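Where a number appears in this text, it was derived from the coordinates with a stated rule and is not lab data. None of the values given here were measured: they were computed from a predicted structure. Positions of Cβ are backbone-derived with ideal geometry, glycine not excepted, and every protein chain shown enters the neighbour counts.
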Amino acid sequence: MKTDDHKLADQIMKYLGGKKNIKELDHCMTRLRVKVFDPNQVHDEVLKKTQGVLGVVIEDGFQIVLGPKRVNNIFSILINRVDQQKFIPKKSSGVANKDILSLFSRIFVPIIPALIASGLTIGISKSLPQLMDYCFQIEISKYPLIEILNLSGSVLFAYITILVGYFTAKELGATPVLGAIIGGFIIHPSISELHLFHDHLLSPGSGGIFSAMLAVFCFAQVEKFMHKRLPSSLDPILTPTFALLFTACLTYLVIMPACGLLAKGLTHLIMFILHFGGWVAGFIISATFLPLVVAGFHQGFYPIHLELIHQLGKDPLFPIQAMGGAGQIGAAFAILHKTKQENLKKAIYGALPVGLFGIGEPLLYGVMLPLGRPFLTACIGGGFGGAIVSWWKVASYSIGVSGLSLFPLIDHGVHGMIGYALGLITAYMSGYLFTYFYGFQHQMENQFQS
């Protein structure tokens, strides 16, 4: 591990008020997530200016943007320097004290590595046979290796409600393994044999992850209620049994039919907007995506993306939003072309490689937001890319990666990849041109330095 990482970890701990002020510590792909006992001891403005820190977001505690890989190193250093007993998962009191978007983030962020791996596996199993057939007229779709890839990649999407149930229960302070069982309620194949409704409101997977999250929420309330009221001799036996039985009845009679209608309605609404809004809708969706990331609202799209994949077998929304990150790639190249300041060049060189492969936060917090106006021109550039992707009707098999990494996940084979490539190129060029001529001026270099 680099000496620089140890130095940075020392600085972060110091500006957070010392190790005694750290209450909880966690991380995602790019951010160190910290909760403290006394926020007044945190020097967040100094943290933002610390070399190696790309940004600080004050949301559900302090989120320190460090970028991929480095965040793992810093977390490992810090976790060994503080009382690790602090980081044993605690029983939450529910969602009353949590922002719903933060709750979505804590549920779905742990699943992202699985989404990336499964999505890329499915993408390879779909795109490789099409490319071989298109380029060499060789049929390989029935090869055992391709079938294994397709099977292994589809496992996550077949059983994702189980993972969602587990992490929802964990975040709500309920028993995680029972949450996983409730997630299994949603997809059990024998659901179709239940004689509850005459109009086929109930089928395996109805409501998808919406059903899983709502069912686990109800389960958590019942479990906590019983924990408080039953004697210790009966609690271990009666609480899980009764809570599961009650939740099963509620799930099959109310939650799944209601969430099934909600999920179908939401899917139809999104498809209506994309169909009738066309390229205009694509422009707006993509151009507003980076501001949504800054505000933290992008976390609310996780269940929507996964429900689109569940309902349609593909997601037409995710590739459009991915163009938002592509716009800032073009903007970064424009700044790199114009600036003579070494610190700014160094920041861009460090953030561009991961940005090209879909991890845009280092560029966003390390370059675009500190400069100001290039953030706006990057959004405009991304909007034009989104317009092309929407007009071409590009869709993806999965979510979790964007940029160049999304190519293997694109639906419709070569045709879809061409549309996505055109969107990327358009976003790169538009972001570059708008930033070069309107977004970046040399006096901004002093602003970045400060």
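Close amide-amide hydrogen proximity is noted between His27 and Arg33, each under 5 Å apart and 5 or more residues distant or on a separate chain (H modeled in the peptide plane; Pro and chain starts excluded).
Classify the chain as rounded, prolate or oblate from the Cα gyration tensor: take a ≥ b ≥ c as the square roots of its eigenvalues, call it rounded if a/c is under 1.5, otherwise prolate when a/b beats b/c and oblate if not. In terms of gyration-tensor shape, oblate.
With a threshold of 28 Å on the Cα-Cα distance, the over-threshold entries among Lys69/Lys142; Lys224/Lys314; Lys23/Lys345; Lys264/Lys393 are Lys69/Lys142; Lys224/Lys314; Lys23/Lys345. Can you give the FRET efficiency to the nearest 0.05 for Glu147 and Val254, using r as the Cβ-Cβ distance and R₀ = 41 Å? For R0 = 41 Å, the calculated efficiency reads 0.55.
Counting only GluC sites (Glu not before Pro) that DSSP places in a loop and that have at most 16 other Cβ atoms within 10 Å, the longest clean stretch of the chain runs over 140-450. FRET efficiency for the pair Ser154 and Tyr134, taken as 1/(1 + (r/R0)^6) with r the Cβ-Cβ distance and R0 = 22 Å, rounds to 0.40.
Here is the list for the range 322-384: chymotrypsin sites (Phe, Trp or Tyr not before Pro) lying in DSSP coil, each with at most 16 other C-beta atoms within 10 angstrom of its C-beta, are Phe357. The Kirkwood hydrodynamic radius of the range 322-448, based on inverse pair distances between different Cα atoms, is 14.3 Å.
Simple spin-label estimate for Cys28 and Ile237 gives 4.4 nm between the two label positions (7 Å along the Cα-to-Cβ direction from each Cα). Using the Cβ-Cβ distance between Lys346 and Leu261 with R0 set to 60 Å, the FRET efficiency from 1/(1 + (r/R0)^6) comes to roughly 0.70.
Taking trypsin sites (Lys or Arg not before Pro) across the range 24-79, the ones in a DSSP loop with at most 13 further Cβ atoms lying within 10 angstrom of their Cβ are Lys49, Lys69.
Coupling constants for the range 233-241 follow from the phi torsions by the Karplus curve (6.51 cos²θ - 1.76 cosθ + 1.60, θ = phi - 60°), and in residue order they are 6, 9, 4, x, 9, 7, 4, x, 5 Hz; glycine and proline get x.
For trypsin sites (Lys or Arg not before Pro), the sites in the range 117-208 that DSSP calls loop and that have at most 15 other Cβ atoms within 10 Å are Lys142. Rounded to the nearest Hz, the phi-derived 3J(HN,Hα) couplings of the range 111-124 under the Karplus curve 6.51 cos²θ - 1.76 cosθ + 1.60 (θ = phi - 60°) are 8, 4, x, 5, 5, 5, 5, 5, x, 5, 5, 5, x, 5, where x marks glycine and proline.
On full extension, the segment bounded by Ile425 and Ala114 gains 109.1 nm, given 0.36 nm per residue less the C-alpha separation.
If each residue of separation counts as 0.36 nm, what is the full-extension length gain between Leu230 and Phe246 once their alpha-carbon separation is subtracted?
Between Leu230 and Phe246, full extension yields 4.1 nm more.
Rounded to whole numbers, the Karplus 3J(HN,Hα) couplings from phi for the range 42-48 are 8, 9, 5, 5, 5, 4, 4 Hz, using 6.51 cos²θ - 1.76 cosθ + 1.60 with θ = phi - 60°, and x at Gly and Pro.
Using the Cα coordinates of the range 97-195, the gyration tensor eigenvalues translate into equivalent-ellipsoid semi-axes of 35, 18, 9 Å, sorted from longest to shortest.
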